[in-house]
Protein chains: 2
Amino acid sequence: MDTESFRKYGHEFIDWLADYFENIEKYPVVPRVQPGEIIKQFPVSPPHSGEPMDDIFRDFQTQVVPGITHWQHPGWMAYFPANNSPESVLAELLTAGLGAQCMIWQTSPVAAELEERVMDWLRQMIGLPETFTGVIQDTASTATLTALLTAREKATGLQSNLKGIEKKLRVYAGTEAHSSIEKGVKIAGYGKENLRMIPTDDAFAMIPEALQQAIEEDLAAGYQPACVVAAIGSTSSMAMDPVDAIAAVCKKYNVWLHVDAAFAGTAAVVPELRDFMKGTELADSFVFNPHKWMLTNFDCTAYFVQDPGMLIQTFEIHPEYLKTAADKQVKNYRDWGIPLGRRFRALKLWFVIRSYGIEGIQAMVREHVRLAALFADWIREDKRFEIMAPVQLSLVCFRLNPGGMNEEQLTQLNQEFLQKINSHGDVFMTHTSLRGKYTIRLALGSRTTQERHVKKAWEIVQQAADEILP
Amino acid sequence: MDTESFRKYGHEFIDWLADYFENIEKYPVVPRVQPGEIIKQFPVSPPHSGEPMDDIFRDFQTQVVPGITHWQHPGWMAYFPANNSPESVLAELLTAGLGAQCMIWQTSPVAAELEERVMDWLRQMIGLPETFTGVIQDTASTATLTALLTAREKATGLQSNLKGIEKKLRVYAGTEAHSSIEKGVKIAGYGKENLRMIPTDDAFAMIPEALQQAIEEDLAAGYQPACVVAAIGSTSSMAMDPVDAIAAVCKKYNVWLHVDAAFAGTAAVVPELRDFMKGTELADSFVFNPHKWMLTNFDCTAYFVQDPGMLIQTFEIHPEYLKTAADKQVKNYRDWGIPLGRRFRALKLWFVIRSYGIEGIQAMVREHVRLAALFADWIREDKRFEIMAPVQLSLVCFRLNPGGMNEEQLTQLNQEFLQKINSHGDVFMTHTSLRGKYTIRLALGSRTTQERHVKKAWEIVQQAADEILP
């Protein structure tokens, strides 16, 4: 494609996206397709000769878009948000066009130096102390794995990289902790048997005394406690582990504390919502995802550590072909995480933070939190429903419970209920299990979600309840 | 930003990028900035209020672009290519705009099903047998780590995820293997001491007999050989490990064989260049990067395995909040790699393969290989230079050697020589070390690199030699 064609199709694509943004509510949030239906449209073999862009763009609209799940739909209330913004999309366009591979300073000085700056902006915005240094990673899963690896190195006196794990190491997380912790524990070679799930309280938050007891038991049994992962906002119910009390336990036993605030972290930008951050100043590492709630398109994870030296010692490699004259003066982010290659992701953060300002992000978060509280009030006022966990930030856990049913019946009822809600196409919610109780989650966080969408969701919920209850 | 502003700035950005593509040769490949110079331009604190896009876009042009290393410059002959194309950039724009998070089938059915299809297209294009199944990963580093983890699980009978590594496992790679192998060996908990670097021959290719001997020694000493990583195109010199002979050794001792063809893999699309693939049909896993030489912007790594079940068993997690009704009928790619979150990267591959067709990619690769051979001929004809490794595909390893100098003097001479070459700004080359010999690498692979750019590089090389030699 020559430059003139790029201009032509670029303008067409921009206009198509603008129309998509304007009309997104006309799509069902989740496409109505069956497994295997979409792949049939695509030829089994690649084309020998190139095809015109008109054909490809046509097929994009007729074959691809009907199979997209619309995460940017204002009725997206499932899982967690992947909150996007036009500014972020435009920055991603520039990043793709520049096509720089930012593994080290020399391979794009501005990518390294802008990353350093915007990560410090983020640090200030969420109220982390100056002792923290940030780096962009792809996902919170990867950042948590990174923390587990650094903790492993620290616990073994830098011997695990060299010799593998020869000590009996232990990792701790609340029973509600994210699946990425188990995955990371396996990858890092701790072994799943060495991940202890610490009991949680009625609000699904880790009980610090139980953590301390587990550590004491392990020490007595000859294990070495290596890492505690605390959740600021568990995935299932946005439960807030008490980081301050957990940090005190970690300090006492010299255990690495990693705090996972993947979704909730953005709310720390709002001073009156920031209470949950208490104690994070004592953590060793902290992660949150601007690509969840902070208007930045996936992927963009913000990972902060107190001791970058320890992080670098964990990952540093220094082959001759990557050495440069500037190595001693600059940050080579290849040594701050797992992959060698890196996109210029700081650019979209810079666009987003400058476009919205701290105020703009605060206003959005406050509105989502207000809307979630509103929805929770409606649920509470209708006796057919029950709230399943303390309502934190923009997540509401609820279910239908007309009384007189056992857990099995309630599960079946709510499975049907959720299916009915989602069949409308205007909203999409997902479920979890809280202490064995089937629970529906309403998670707000899309830039486009307004009060009318939450009202609509409430109407759909009520109507589905009317239909499903005798 | 409202939709009309998105349209306005979208068109502006597209036009800016089109101009950038047209004028890229006017930029020095590597910006002339000193460490710390760029970051000074950016305020130390984030803005409280949002700023107009006009200001941000102005600062992008005046503060960001001057600090970019131009990987898409036709004079990019450093490291490896990060070959981009307008089609891929446009697809990335759509991916960003759709903003779907494709962790599982339900969260975007078309992302999962198109990935399945285009990965099979790629498989056919590079001549891997039907027994291979593909998945997109972010980088070859991550894919190689994935292979090391799957091999670990296989070698321990699925016990290492559960218990950590209790056996004495060993990993093998040639002395020229990529640094990501050492990094992966550390992360996966093998321990660097358990990575054996196998001697290489005069062409820097792994010696299969030496591999067999190392395995025999390890078995005798009570180690369990778990994984061999063979390079199809080593980073330093594009050395080709003899995969067929290595595969025979791996089969004999039942050791996982992972083949890393990160850069070179794209050349397998060209039948007459495909010889190096001999034996890959016997490998357990294979990786190459469409984001290196196949016109696809970073990141897009193609990872192929013979046994997806083993891969999934290594990474599978199944928390309640990620369960869906379709799980048994679909591919949930979250279980095919390390991160949970995934971008819709199949879209850009689909755009690229359809736009260029097999023919288009073949033509580009053939031209780059022809140009590298041409440059190598010029080097050979000038007695001041020497070729440092067999010229493979589009990589030429050379240095200045006027005779009568020891290695130390030659290193110093060539460091200055390389600095002089790069100071022109029209080309950018990097160095490596081959058996202790300082070596300059000319690596071709940008879509925009034509014969005139390679001629220009040769002129610059000659001129620098004239200036530096007495």
(request) Quickly run through the range A:174-184 and pick out the residues that are at the interface with chain B (Cβ under 9 Å from one of its Cβ atoms) and part of a helix (DSSP H, G or I). (result) A:SER179, A:SER180, A:GLU182, A:LYS183, A:GLY184
(message) Just the residues that are buried (at least 24 other Cβ atoms within 10 Å of the Cβ) and farther than 19 Å from A:LEU311 by Cβ, please, taken from the range A:277-292.
(response) A:PRO290, A:HIS291, A:LYS292
(request) Quickly run through the range B:144-165 and pick out the residues that are in a helix (DSSP H, G or I) and either over 23 Å from the mean Cα position of the chain (by Cα) or more than 14 Å from B:ILE181 (Cβ to Cβ) (or both). (result) B:THR150, B:ARG152, B:GLU153, B:LYS154, B:ALA155, B:SER160, B:ASN161, B:LEU162, B:LYS163
(request) Provide a single number: the residues in the range B:328-338 that are touching a residue at least 60 places away in the same chain (Cβ under 8 Å) and either surrounded by fewer than 21 Cβ atoms within 10 Å (Cβ to Cβ) or in a loop (DSSP other than H, G, I, E, B) (or both). (result) 5
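Does the range B:93-111 contain at least one residue that is over 30 Å from A:ALA78 (Cβ atoms) and not aliphatic (A, V, I, L, M)?
Just the residues of the range B:93-111 that are over 30 Å from A:ALA78 (Cβ atoms), to begin with: none.
Checking the range B:93-111: not a single residue is over 30 Å from A:ALA78 (Cβ atoms) and not aliphatic (A, V, I, L, M).
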(message) Restricting to the range A:135-152, name every residue that is in contact with a Lys or Arg (Cβ under 9 Å, 6 or more places away or on another chain) and over 26 Å from A:LEU273 (Cβ atoms).
(response) A:ASP138, A:LEU145, A:LEU149
(request) Can you run down the residue pairs with Cβ atoms below 9 Å, 6 or more apart or on separate chains, where the first is in the range B:434-459 and within 11 Å of chain A (Cβ to nearest Cβ) and the partner is exposed (fewer than 14 other Cβ atoms within 10 Å of the Cβ)? (result) B:GLY436/B:GLU407; B:LYS437/B:GLU407; B:TYR438/B:GLU407; B:TYR438/B:GLN412
(message) Among the residues that make up the range B:72-79, is at least one of them touching a strand residue (DSSP E or B) at 6+ places or on another chain (Cβ under 7 Å), more than 7 Å from chain A (Cβ to nearest Cβ) and not in a loop (DSSP other than H, G, I, E, B)?
(response) yes
(request) Determine whether the range B:157-172 contains at least one residue that is in the same structural domain as B:MET119 (by TED's automatic domain parsing), on the phi > 0 side of the Ramachandran plot and in contact (Cβ under 8 Å) with a residue 12 or more places away in the chain. (result) yes
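For the range B:397-415, state whether one or more residues are among the β-branched types (Val, Ile, Thr) and crowded, with 19+ Cβ neighbours inside 10 Å. Can you show your working first?
Of the residues in the range B:397-415, the ones among the β-branched types (Val, Ile, Thr) are B:411.
This time we only want the ones that are crowded, with 19+ Cβ neighbours inside 10 Å, so: none.
No; the residues of the range B:397-415 include none that is among the β-branched types (Val, Ile, Thr) and crowded, with 19+ Cβ neighbours inside 10 Å.
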(request) State the number of residues belonging to the range B:18-56 that are touching a residue at least 60 places away in the same chain (Cβ under 8 Å), assigned to a helix (DSSP H, G or I) and of a type in the set (D, E, K, R). (result) 1
(message) Looking only at the range B:102-134, filter to residues that are touching a Lys or Arg at 6+ places or on another chain (Cβ under 7 Å) and assigned to a helix (DSSP H, G or I); which one of those is surrounded by the fewest Cβ atoms within 10 Å (Cβ to Cβ)?
(response) B:GLU116
(message) Any residue that is touching a Gly at 6+ places or on another chain (Cβ under 7 Å) and within 14 Å of chain A (Cβ to nearest Cβ) - is there at least one of those in the range B:360-371?
(response) yes
(request) Might you check whether a residue that is among the aliphatic types (A, V, I, L, M), in contact (Cβ under 8 Å) with a residue 40 or more places away in the chain, more than 10 Å from chain A (Cβ to nearest Cβ) and within 23 Å of B:ARG334 (Cβ to Cβ) occurs anywhere in the range B:117-131? (result) yes
(request) Sort out which residues of the range B:194-210 are out of contact with any Lys or Arg (no Cβ under 9 Å at 6 or more places or on another chain) and assigned to a helix (DSSP H, G or I), and write them in order of number. (result) B:PRO208, B:GLU209, B:ALA210
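Per-residue answers, yes or no, for (1) in a helix (DSSP H, G or I); (2) in contact with a strand residue (DSSP E or B) (Cβ under 9 Å, 6 or more places away or on another chain); (3) at pLDDT 95 or above:
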| residue | (1), (2), (3) |
| --- | --- |
| B:LEU374 | yes, no, yes |
| B:ARG380 | yes, yes, yes |
| B:LYS383 | no, no, yes |
| B:ALA389 | no, yes, yes |
| B:PHE398 | no, yes, yes |
| B:MET405 | no, no, yes |
| B:PHE417 | yes, yes, yes |
| B:THR432 | no, yes, yes |
(request) Name the helices (runs of 4 or more DSSP H) wholly inside the range B:238-320 in which the number of residues that are more than 12 Å from the chain's Cα centre (by Cα) is 3 or more. (result) B:243-253, B:308-315
(request) Tell me which residues, restricted to the range A:36-64, are closer than 27 Å to A:HIS11 by Cα and among the β-branched types (Val, Ile, Thr). (result) A:ILE56, A:THR62, A:VAL64
(request) Name the one entry in A:THR301, A:THR235, A:THR296 that is closer than 16 Å to A:MET119 by Cα and touching a His at 6+ places or on another chain (Cβ under 9 Å). (result) A:THR301
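Taking the stated definitions as given, is A:GLU386 more than 26 Å from the chain's Cα centre (by Cα) and within 13 Å of chain B (Cβ to nearest Cβ)?
No: the conditions fail for A:GLU386.
Check whether at least one residue in the range A:338-347 is within 28 Å of A:LEU444 (Cβ to Cβ) and either more than 11 Å from every other protein chain (Cβ to nearest Cβ) or of a type in the set (A, V, I, L, M, F, W, C) (or both), and report yes or no.
Yes, because at least one residue in the range A:338-347 is within 28 Å of A:LEU444 (Cβ to Cβ) and either more than 11 Å from every other protein chain (Cβ to nearest Cβ) or of a type in the set (A, V, I, L, M, F, W, C) (or both).
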(message) Given (1) farther than 18 Å from B:GLY184 by Cβ; (2) hydrophobic (A, V, I, L, M, F, W, C); (3) assigned to a helix (DSSP H, G or I), identify the lone condition not met by A:VAL171.
(response) (3)
(request) Kindly indicate whether B:LEU295 is hydrophobic (A, V, I, L, M, F, W, C), buried (at least 23 other Cβ atoms within 10 Å of the Cβ), out of contact with any Pro (no Cβ under 6 Å at 6 or more places or on another chain) and over 25 Å from A:HIS48 (Cβ atoms). (result) no
(message) Out of A:ASP59, A:ASP15, I need the residue that is outside any loop (DSSP other than H, G, I, E, B), within 7 Å of another protein chain (Cβ to nearest Cβ), of a type in the set (Asp, Glu) and under 18 Å from B:LEU98 (Cβ atoms). Which one?
(response) A:ASP15
(message) All but one of (1) surrounded by fewer than 24 Cβ atoms within 10 Å (Cβ to Cβ); (2) facing chain B (nearest Cβ under 7 Å); (3) in a loop (DSSP other than H, G, I, E, B); (4) not small (Gly, Ala, Ser) hold for A:TYR190; state the number of the condition that does not hold.
(response) (1)
(message) Can you tell me which condition B:GLN224 does not meet? The list is (1) free of Cβ contacts under 8 Å to residues at least 60 places away in the same chain; (2) surrounded by fewer than 24 Cβ atoms within 10 Å (Cβ to Cβ), and all the others hold.
(response) (1)
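The values are calculated or read from the model by the stated rules, or taken from the named source; none is laboratory data. Here the structure is a predicted model, which means the values were calculated and not measured. Virtual Cβ from ideal backbone geometry, glycine too; neighbours counted across all protein chains shown.
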